[in-house]
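I have placed the structure first, in the form of structure tokens, so that the comments after it can refer back to it.
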Amino acid sequence: MSAADVSAAPLTLESARARFGGLFARIADGAVDREQRRELPRQALRELQEARFGALTVPVSHGGLGLGLADAVDLLSELAEADSNVAHALRGHLEFVEDQKSFAPSPARDEWLRRVADGELIGNAWSERGSAAVGTTATRLVEAPDGTLTVHGTKYYTTGTLYADWTDVTIGRDGLPDTAVAVRVDQPGVTVLDDWDGFGQRHTGTGTVVFDAAVVRPEHVFDGIERAPHQTPYFQLVLNAVLTGIARAVVRDAVAKVTGRSRVYSHGNADTTRDDPQLQAVVGELSATAFTAEALLRRGAESVERVALATLDGARPDDLGDLVARAGADVYRAQTVLSDSVPAAASHLFDALGASGVSVDAALDRHWRNARTVASHNPQVFKRRIVGEWVLNGTPPPTAWAIGVVPGAS
């Protein structure tokens with residue numbers, strides 16, 4: 001579908017749910033089978049792109065659907081309830097859109113927004129393995145004598161690139177700080193491997209990408225780029241949306257299993273499982289966790305949205321630092337709670353089910369594995385300290401971070 005075919009009326013959350021609800025249901029129907037067969041959700045992502053989910057927050061002026069950031073994050077959590085892998089795989093794409101919207105209008109920015117509106121998908125390739133120093137990258141951009149630009153290097157944790165048309169790659173280039181390039185994935189010189197070996201979120205495409213003289217067009221080099229001011233809290237906000245979706249899925253499966261069960265224990269408290277007060281208490285606890293997750297997600301999303309709206313089209317208000325600090329603190333406070341409570345809920349689910357709940361055919365263990373894996377991203381133990389330092393001393397949360405080795409450290 002061309003961007004020109006899109007109505008000028010932006011979506012509301014209600015109309016977005018009507019548009020995507022049936023597709024989410026189909027994605028949920030296949031989630032267990034994909035998990036058991038280790039089948040990548042290519043069809044699910046293809047259908048989402050055909051339905052233009054990737055253009056959710058692209059302005060209608062550029063052919064997008066125009067949904068607000070906070071509403072889009074709510075919708076993303078509903079996709080995560082259907083399949084947390086699929087929602088997570090879109091993390092880099094959604095943030096790339098936020099970057100573009102925060103830039104001043106230009107032909108290059110308009111081109112990217114229209115590409116996304118027309119259904120193209122962007123992955124992420126920032127992280128590397130190995131012993132590189134913190135804040136550095138071994139992946140390089142090389143210019144040949146004839147002016148041809150090529151990328152050389154290897155990235156890992158490349159979430160979503162396995163399914164993408166483009167990938168957003170951080171690179172090293174002499175004299176150019178914070179440089180990134182957009183690399184077309186389906187070209188010679190780009191090898192995308194499905195080698196992510198985590199025990200959860202197995203289908204997010206979070207493996208290795210090798211760049212062996214992959215060609216980059218000069219206009220796709222973002223020299224010294226200033227990313228969206230809300231980039232870092234937004235990345236973490238997406239993880240909170242995934243955790244919220246997992247919490248909802250835990251409740252959904254608990255209700256289905258408890259209400260569908262006829263066998264009871266002789267030492268239980270009722271003639272049916274759904275009337276047993278102890279099992280009711282377990283399900284009530286699970287529901288409370290999901291409810292809390294939804295509220296925390298929305299609070300953080302609204303804080304991030306305030307930054308996004310204040311910096312749209314290159315605007316940079318005087319109080320930007322305060323807005324970004326508040327957004328980071330709100331998202332990280334939610335993250336410290338959800339990183340503990342959602343994996344715990346995914347474990348307590350089994351208290352309501354008995355031994356039959358651990359059947360491999362049910363694949364209910366995926367909820368804990370997925371939640372624990374998401375909670376391990378950018379470890380929340382550090383977020384607690386960041387929030388505490390902000391509360392005690394007014395220190396703004398960091399707007400970026402990196403991983404690597406400190407030279408000289410033992």
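The values are calculated or read from the model by the stated rules, or taken from the named source; none is laboratory data. Because the structure is a prediction, the values reported are computed rather than measured. When we count neighbours, we look across all protein chains shown, and the Cβ atoms used for this are built from the backbone with ideal geometry, even at glycine. Side chains included, ligands, DNA and RNA excluded: accessible areas come from the protein's heavy atoms. Shrake-Rupley method; radii C 1.70, N 1.55, O 1.52, S 1.80 Å.
Filter the trypsin sites (Lys or Arg not before Pro) in region 244-290 to those in DSSP coil with at most 13 other Cβ atoms within 10 Å of their Cβ, and list the result.
R263
Roughly speaking, to the nearest percent, how much of region 66-185's 1.4 Å accessible area is carbon and sulfur?
Carbon and sulfur atoms account for 50 percent of the accessible area of region 66-185.
In nm, what is the difference between 0.36 nm times the number of residues separating F382 and V405 and their Cα-Cα distance?
Result for the pair: 6.6 nm of gain on full extension.
Please check which bits of region 290-306 a label hung off A315 would reach, taking the label as a point 7 Å along Cα-to-C-beta and the cut-off as backbone N under 18 Å.
Within reach of a label on A315: 302-306.
Could you tell me which of rounded, prolate or oblate describes region 12-134, using a ≥ b ≥ c as the square roots of the eigenvalues of the alpha-carbon gyration tensor, with rounded for a/c under 1.5 and, failing that, prolate when a/b is larger than b/c and oblate otherwise?
Oblate, because a/c is 1.5 or more while a/b does not exceed b/c.
I'd like to check one number: the per residue accessible area of region 70-201, probe 1.4 Å, reported in Å² as a whole number.
36
Treat each spin label as a single point 7 Å out from the Cα along the C-beta direction, and report the R17 to D29 distance in nm.
In this crude spin-label approximation the distance works out to 2.1 nm.
Got the relative contact order for the chain handy, in percent, Cα pairs under 8 Å and 6 or more residues apart?
Reported relative contact order: 18 percent.
Taking the Cα centre of region 30-104 as origin, work out the dipole magnitude from +1 charges on Lys and Arg Cβ and -1 charges on Asp and Glu Cβ, in debye rounded to 20.
Dipole about the Cα centre, nearest 20: 300 debye.
In 10 Å bins starting at zero, report the fraction of Cα pairs in region 203-294 per bin as a rounded %.
13, 24, 22, 15, 13, 9, 5, 0
Modelling each spin label as a point 7 Å along the Cα-to-Cβ direction, I'd like the R140/R274 distance in nm, to one decimal.
Result: 6.6 nm between the two label points.
Near K383, which aspartates and glutamates are there with a Cα under 17 Å away, not counting those fewer than 8 places off in the same chain?
Here the aspartates and glutamates satisfying the reach criterion relative to K383 are D330, D340.
May I ask you to list, by number, the DSSP H helices of the chain whose Cα span along the axis is at least 27 Å and whose average Kyte-Doolittle hydropathy reaches 0.0 or more?
Span-like helices here: 231-259, 277-310, 320-348.
Roughly how many Å² is the accessible area per residue of region 227-305, as a whole number, for a 1.4 Å probe?
44
What stretch of the chain, leaving out the sites themselves, is the longest with no chymotrypsin sites (Phe, Trp or Tyr not before Pro) in a DSSP loop having at most 13 other Cβ atoms within 10 Å?
Formally, the longest exposed-site-free interval is 1-198.
Using a 1.4 Å probe over the heavy atoms of the protein chains, calculate the carbon and sulfur portion of the accessible area of region 256-310 as a whole percent.
The computed percentage sits at 51.
Starting from the Cα of E294, step 7 Å along the direction of its Cβ; do the same at A133; then give the gap between the two resulting points in nm.
A separation of 5.0 nm, rounded to one decimal place.
Answer rounded, prolate or oblate for region 97-208, using the Cα gyration tensor with square roots of eigenvalues a ≥ b ≥ c: rounded when a/c is under 1.5, else prolate when a/b is larger than b/c, else oblate.
Oblate is the answer for region 97-208, as a/c is 1.5 or above yet b/c matches or exceeds a/b.
Rounded to the nearest 10 Å², what accessible area does S262 show when all protein chains are kept and the probe is 1.4 Å?
100
Under 1.5 on a/c is rounded, so check that first for region 158-239, then, if it is not, pick prolate when a/b is larger than b/c and oblate when it is not; a ≥ b ≥ c are the square roots of the alpha carbon gyration tensor eigenvalues.
It is oblate, given that a/c is not under 1.5 and a/b is not larger than b/c.
Hey, what number do you get for the chain at 222 nm if only DSSP H runs of n ≥ 4 count, each worth -39500 (n - 2.57), divided across all residues, to the nearest 500?
-15500 deg cm²/dmol
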